[in-house]
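Written below as structure tokens is the structure these notes are about.
What follows draws every value from the coordinates through simple rules; no lab data is involved. Note that the structure is predicted; figures quoted are calculated from it, not measured. Neighbour counts run over all protein chains shown; Cβ positions are idealised from the backbone, glycine included.
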């Protein structure tokens, strides 16, 4: 079983739509969680950390459900510039990170 | 904020030559750095974990004699692709974590090196 499972998509949504991505993780001892954005032919860039109580940054909301072992990312009012691949990253211990395969999002005008 | 710098960003070399890629943490010390490879339309694949002052830990299937890693200081790790072949053409990315003992610190990625072997 993979450490992190993520639906690769693609998700094609119209501008202004709300879209949500999930990642499930297998190890209940996982310590911290992050969402990254990766544009084509570029490195991943941190979008946001995921905190136990859930957290929001503008149009982006991240949530953690430890009981069900998944994290989610919600994007409201999608913009064309949100088109990218979104990676979830799970940190098991200080030097062990597990990556989802990435979910491809295309926002259509 | 924390920045990881990678150089070069792009390299084209002939088959059989060696290529060195540098990864620097610019404003923090990194005892551990990670090296990844990403083929087009595929996920990031961890190649090795680079440890300052000791040997790197390689993932299964990654040839340690082909991908030489040196982490001689707390701010610099290098990956050398020896005797490169066209199948080594890929996007190589490094990352490091600021905050040696904090789970809340995220990974910071270098800007990547696009290697093309002709």
Length gained if residue B:12 through residue B:83 is fully extended, taking 0.36 nm per residue and subtracting the Cα-Cα distance, is 24.2 nm
FRET efficiency for residue B:102 and residue A:68 from the Cβ-Cβ distance with R0 = 22 Å, rounded to 0.05, comes out at 0.30
Per GNM of chain A with C-alpha springs under 10 angstrom, the most fluctuating residue out of A:23, A:40, A:88 is A:40
Once normalised by the length of chain A, the mean sequence separation of its alpha carbon contacts under 8 Å that are 6 or more apart gives a contact order in percent of 38 percent
For A:103, B:118, ascending order of other Cβ atoms within 10 Å (fewest first) is B:118, A:103
Highest GNM mean-square fluctuation among B:96, B:48, B:72, for chain B with Cα springs under 10 Å, belongs to B:72
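Let me know the Kirkwood hydrodynamic radius for chain A, please, with Cα pairs as the basis and the value in Å to one decimal.
13.9 Å
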Mean per-residue count of partner chain Cβ within 10 Å for B:102-110 equals 6
Under the 7 Å Cα-to-Cβ spin-label approximation, residue A:20 and residue A:1 lie apart by a distance in nanometres of 2.2 nm
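Counting only other chains, what is the mean number of Cβ atoms within 10 angstrom of the Cβ of each residue in peptide B:12-25?
0
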Taking the square root of 5λ for each eigenvalue of the C-alpha gyration tensor of the stretch B:1-96, the equivalent ellipsoid has semi-axes, largest first and in whole angstrom, of 21, 14, 13
Among A:12, A:27, A:95, the residue with the largest mean-square fluctuation in a Gaussian network model of chain A built from Cα contacts under 10 Å is A:95
The Cα radius of gyration of the stretch B:50-99, divided by 2.2 N^0.38 Å with N its residue count, comes to 1.22
Taking r as the C-beta separation of residue A:108 and residue A:41 and R0 as 22 Å, the FRET efficiency to the nearest 0.05 is 0.55
In Å, the Kirkwood hydrodynamic radius from C-alpha pairs for the protein assembly as shown sits at 18.2 Å
In this structure, the FRET efficiency calculated for residue B:72 and residue A:51 from their beta-carbon separation, with R0 = 41 Å, to the nearest 0.05, is 0.70
Most exposed to least, judged by fewest other Cβ atoms within 10 Å, B:76, B:107, A:87 sort to B:76, B:107, A:87
Footprinting proxy, B:87, B:22, A:15: sorted fewest to most Cβ within 10 Å, the residues are B:87, A:15, B:22
